[in-house]
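So the structure is just underneath, and the comments pick up after that.
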Amino acid sequence: MGSSGRLQVRLGLIAVASPLEVGAEWAPELLRAAGTALASAQGVHLVTGGVVDRAAAAREAGVVFRREAVDAVVAVAASWFEDYLVADALEEWHVPAILWAVPGMETGSLCGQQQAAFLLSQLGWPCRLVFAPVRSAVALTELLPYARAAALWQRLRRARIGLIGHRVLGMTETAADELSLRRQLGPRVIHLDVSELAAEAGKVPEEDACRVWEKARAEVGSVRCHEQDGIESCRMFLALQELVQRLELSALAVGCYPHLMGKVCVAASMLGEQGVPVACEGDVNGAVAMLVLALLSGEPVHNTDMLDPLPEENAIVFSHCGSGAFSLASDRQEIVLAPVRLMRRGVCCLFPARPGEVTLVNLVAGTGGYLFGVLHGEALSTQMVFPGNPLKVRFGSPYERIVEWVVQQGLGHHWMAAYGDHRAELRFLARLCGCRLVEIC
């Protein structure tokens with residue numbers, strides 16, 4: 001349930017060799033050195049399968065990897081080796097492979113990995129080849145983003161996205177293609193009627209909702225809403241929290257517009273802090289994008305619309321009505337709990353977003369399957385230029401080009417934003433799951 005912090009990667013590791021070849025005798029030491037390097041990386045749990053120099057050893061390693069449920073297998077080559085060794089290990093546990101070749105003129109490490117890559121590619125098996133010394137920082141730089149993408153794919157294939165209500169009428173871009181979503185990215189959609197949420201909210205004791213509301217009030221700068229609206233918002237939070245736990249949901253999409261506007265916004269803020277992304281307007285695709293970014297960044301994610309360019313700063317303002325997690329604010333003392341725009345009722349969470357490097361994702365389902373749109377830029381300090389959670393981003397390209405590119409690529413207006421640069425992992429994820437990914441050049 002939920003993203004539960006930064007993505008953890010379970011990596012299987014073997015050293016492959018053929019006994020006759022130069023370098024084979026170094027396989028145990030190479031295995032230890034590679035293991036030390038990988039285990040030092042943040043968020044990596046290493047499972048060692050030993051030296052694989054015959055078919056039986058490959059199968060034994062595969063059994064270990066299956067038992068430990070690794071996300072990917074790293075095979076570091078001490079020498080040339082028979083191509084079936086890696087394939088045999090993977091037959092026991094179907095996960096992506098990272099083929100690590102190390103320099104050595106006579107060892108044939110690179111040759112062995114090239115032929116293993118050929119075999120796996122012809123079999124349709126996802127793999128990546130890395131060529132670097134085992135103690136080189138370059139190796140981890142090349143290897144870890146693919147490993148994280150593999151781990152992310154495994155998490156997505158077990159994810160359950162709750163859809164409460166339905167998508168907004170006239171917002172076709174938010175329509176999920178459930179079969180393509182399941183086949184490519186993995187998540188299953190769990191449909192819930194709004195009446196189920198209302199029934200769950202009706203079970204929440206008044207004192208529990210009041211206790212949550214008092215805690216929320218203490219964490220923000222000011223409150224400009226009715227007390228009872230705040231308590232009802234917290235009742236919704238506790239109801240959604242119960243549904244998430246009972247149904248083992250990883251993320252939510254709520255059909256909030258227009259009838260639930262102001263009723264679930266603060267609940268989305270609080271769930272986001274707990275690692276459960278909530279997308280507005282019944283956007284299942286947006287919820288999946290938020291889950292992806294939450295897992296990669298280890299923190300809550302902005303749910304935004306692309307709103308308006310600021311020509312004088314070559315920036316674009318992104319925002320939604322005010323469902324952002326408190327930790328996304330530039331200053332918690334600037335957070336205001338106030339009625340939602342347009343409807344002027346209920347409670348939402350208003351604040352300018354904090355500055356920093358950001359990656360934005362737009363995920364849509366088209367006639368050719370799922371498409372990732374990815375942008376990368378710098379979030380700048382901003383004022384409350386929109387009654388929500390304004391995020392002002394400057395990109396490396398002129399804003400006019402960004403706006404034109406979105407239309408040319410057939411992307412939608414919902415953009416999910418996470419702090420940090422996650423482009424490498426997103427590229428590998430798209431490759432692994434067979435989705436298109438577009439970036440502005």
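Quick notes on this one:
- As a length-normalised measure over Cα pairs under 8 Å and 6 or more apart, the relative contact order of the range 217-341 settles at 31 percent.
- Calculated FRET value between residue 193 and residue 32, using beta carbons and R₀ = 51 Å, to 0.05: 0.35
- Taking Lys and Arg as +1 and Asp and Glu as -1, the other residues whose beta-carbon sits under 15 Å from that of residue 134 total 0.
- Bridging of residue 203 to lysines at a Cα separation below 29 Å is possible for 215, 263, once same-chain residues fewer than 8 apart are set aside.
- Electrostatic bookkeeping for residue 182 treats Lys and Arg as +1 and Asp and Glu as -1; over the other residues with beta carbon under 13 Å from its beta carbon, the sum is +3.
- The range 9-157 - percent relative contact order, Cα under 8 Å, separation 6 or more: 26
- Ordering of 147-153, 269-275, 38-44 by burial proxy (mean other Cβ atoms within 10 Å per residue, highest first): 147-153, 269-275, 38-44
- Charge dipole (Cα centre; +1 on Lys/Arg Cβ, -1 on Asp/Glu Cβ; no other charges) of the chain amounts to roughly 380 debye.
- Normalised by the number of residues in the chain, the mean separation of alpha-carbon contacts (under 8 Å, six or more apart) gives a relative contact order of 14 percent.
- For the range 77-179, with +1 on Lys and Arg beta carbons and -1 on Asp and Glu, the positive-most of 123, 169, 89 along the dipole: 169
- Length available on full extension from residue 381 to residue 158: 0.36 nm per residue minus the Cα-Cα distance, which gives 76.6 nm.
Rule-based calculations on the coordinates, nothing more; no lab input. Bear in mind that the values here come from a model prediction, so they are computed numbers and not experimental data. Cβ: placed from backbone, ideal geometry, glycine included. Neighbour counts: every protein chain shown.
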